[in-house]
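Values quoted throughout were computed directly from the atomic coordinates according to the rules given, and no laboratory measurement underlies them. Keep in mind that what you see is a predicted model, and the values were worked out from it rather than measured. Don't worry about glycine lacking a Cβ; one is built from the backbone with ideal geometry, like all the others, and counts go over all protein chains shown.
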Amino acid sequence: MPVVVLALGLVACGDDDGEEVAPASTAFPEGSMRIEIETLDTGLLKGHAFADAEDGWTVATFSVEAHDDSGVVWQVIEPEVTGVGTASVSEFFEVVIQELPRGEQLTVEAVAILRNESGAQIERRVVDNWPP
């Protein structure tokens, strides 16, 4: 299932902690992130998530989270994460699909903490919704 990528020029929502949540593919001053939801298999929503840090930054931590419109957290299986601690991270993930009421969506978020050479950290998030 292809993911519709929103324009990079969209303004991301922010909060006082510097955390931003952005569309499925977004560039930040510290790097870029994207989520690709690829297939729906029996009981599993499968995809990949990526983070690529700019010069002087590394991806200190990386994970994928999922929740529905009512705030229920869904189980995410993360069998393959590569590159944590470097400038480029990729992750294969599977979300265990439960019953989703008609008209509701599942929100899948990739979460990265990026660290620069002086030790400063910032959390960045990108989101995608399923079904689209």
Tally Lys and Arg at +1 and Asp and Glu at -1 over the other residues with C-beta under 13 Å from the C-beta of PRO79: what net charge comes out? -3
Around THR39, what is the net charge, scoring Lys/Arg as +1 and Asp/Glu as -1 over all other residues with Cβ under 13 Å from its Cβ? -3
What percent do you get for the relative contact order of segment 20-130 when only Cα pairs under 8 Å and 6+ apart count? 31 percent
Surrounding net charge for ASN116, when Lys and Arg each add one and Asp and Glu each subtract one, Cβ distance under 14 Å: -3
May I ask you to evaluate 6.51 cos²θ - 1.76 cosθ + 1.60, the Karplus curve with θ = phi - 60°, for each residue of segment 29-40 and list the ³J(HN,Hα) values in order in whole Hz, giving x for glycine and proline? x, 8, x, 10, 9, 7, 10, 10, 7, 10, 9, 10
